[in-house]
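See structure below.
The values are calculated or read from the model by the stated rules, or taken from the named source; none is laboratory data. The structure presented is a predicted model; accordingly, all values stated were derived computationally and were not measured. Here the Cβ positions follow ideal geometry from the backbone for every residue, glycine too, while neighbour counts run over all protein chains shown. With ligands, DNA and RNA removed, areas are computed over all heavy atoms of the protein, side chains included. Shrake-Rupley method; radii C 1.70, N 1.55, O 1.52, S 1.80 Å.
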Amino acid sequence: MLRNNLSVLLAERQLRISKVSNDTGISRTTLTSLTTNNSKMVQLETINKLCQSLNVSVAQFFEYVPFDFDYTFDQGEIDSSSDYKHGEPLCFNSSLFINVSENNNHIDTIELQGYTEHHGYNNDTLLVGVGLRLSDNEQLKRLQLFLERLSVAFIEDIKKDIESVIMDTLKNSYIDGVDADILIDFNETVKQFQTKLKNSKDTDTK
């Protein structure tokens, strides 16, 4: 995986995109796309101008790790324990698979589990909540082996990529628009979260 560090470099130098655009002649649109790592293709001239302007090397401008992630989201089946007929949100048992490859060879698949809840409509937009965590301790340990080689900014970009995959899947599943509140947690398992939630409820009832 390869990402640029433009957003980090700008934050460190307290620089605004408009200032960099003025100094380099690079359009605000291009710079904004770069800061969110949405650009699939970047011209060498653009990289050259930015490295010169920010006084960094190409190695400082980019962050690289020798593996790639791609993602598959499955909204899943309706949770039979959800009492949606009596006011609870319609809830689905959802899964997300992180497929890891190296040199175009698949080397691992890591599973997150959780829920997709439908909270009704706002005009013609379906309001959805999605929460996903590592399915068990083994999955947690395996994912951490990859994540410990990444910067915090890189991990946040991965979460944004996952959110995009989830949104695309949901939008393709419904005729109406979708507005989703998505939580991706790489730090705990489903069981750990459920235990914490139970302990919190027990404390509240005392």
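The figures follow:
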| quantity | calculated |
| --- | --- |
| Top-ranked residue of region 1-54 - restricted to ones that are under 23 Å from residue 65 (Cα atoms) and β-branched (Val, Ile, Thr), ranked as nearest to the chain's Cα centre (by Cα) | 36 |
| Output for region 29-47, where each listed residue is loosely packed, with under 13 Cβ neighbours inside 10 Å and part of a helix (DSSP H, G or I) | 29, 44, 45 |
| Matching residues, region 63-97, being among the hydrophobic types (A, V, I, L, M, F, W, C) and touching an Asp or Glu at 6+ places or on another chain (Cβ under 8 Å) | 67, 69, 90, 91, 92, 96, 97 |
| Restricting region 9-28 to residues that are surrounded by fewer than 17 Cβ atoms within 10 Å (Cβ to Cβ) and among the hydrophobic types (A, V, I, L, M, F, W, C), the residue that is farthest from residue 158 (Cα to Cα) | 15 |
| Of residues in region 98-114 being closer than 16 Å to residue 185 by Cβ and touching a Ser or Thr at 6+ places or on another chain (Cβ under 6 Å), the one least open to solvent (accessible area, probe 1.4 Å) | 114 |
| Candidates 168, 136 - the one that is of a type in the set (D, E, K, R) and farther than 22 Å from residue 193 by Cα | 168 |
| Qualifying residues in region 151-171 (those that are open to solvent by less than 20 Å² (accessible area, probe 1.4 Å) and among the β-branched types (Val, Ile, Thr)) - the one farthest from the chain's Cα centre (by Cα) | 166 |
| Condition met for residue 65 (open to solvent by less than 70 Å² (accessible area, probe 1.4 Å), out of contact with any strand residue (DSSP E or B) (no Cβ under 7 Å at 6 or more places or on another chain) and closer than 22 Å to residue 159 by Cβ) | yes |
| Qualifying positions in region 115-150 - small (Gly, Ala, Ser) and within 18 Å of residue 187 (Cβ to Cβ) | 131, 135 |
| Selection status of residue 194, at pLDDT below 95 and within 30 Å of residue 88 (Cβ to Cβ) | yes |
| Among residues of region 121-134, those that are modelled with pLDDT under 95 and either open to solvent by less than 30 Å² (accessible area, probe 1.4 Å) or charged (D, E, K, R) (or both), counted | 2 |
| Members of region 69-94 found to be open to solvent by less than 40 Å² (accessible area, probe 1.4 Å) and free of Cβ contacts under 8 Å to residues at least 24 places away in the same chain, listed by number | 82 |
| Filter result for residue 133 (closer than 30 Å to residue 5 by Cα and touching a Phe, Trp or Tyr at 6+ places or on another chain (Cβ under 7 Å)) | yes |
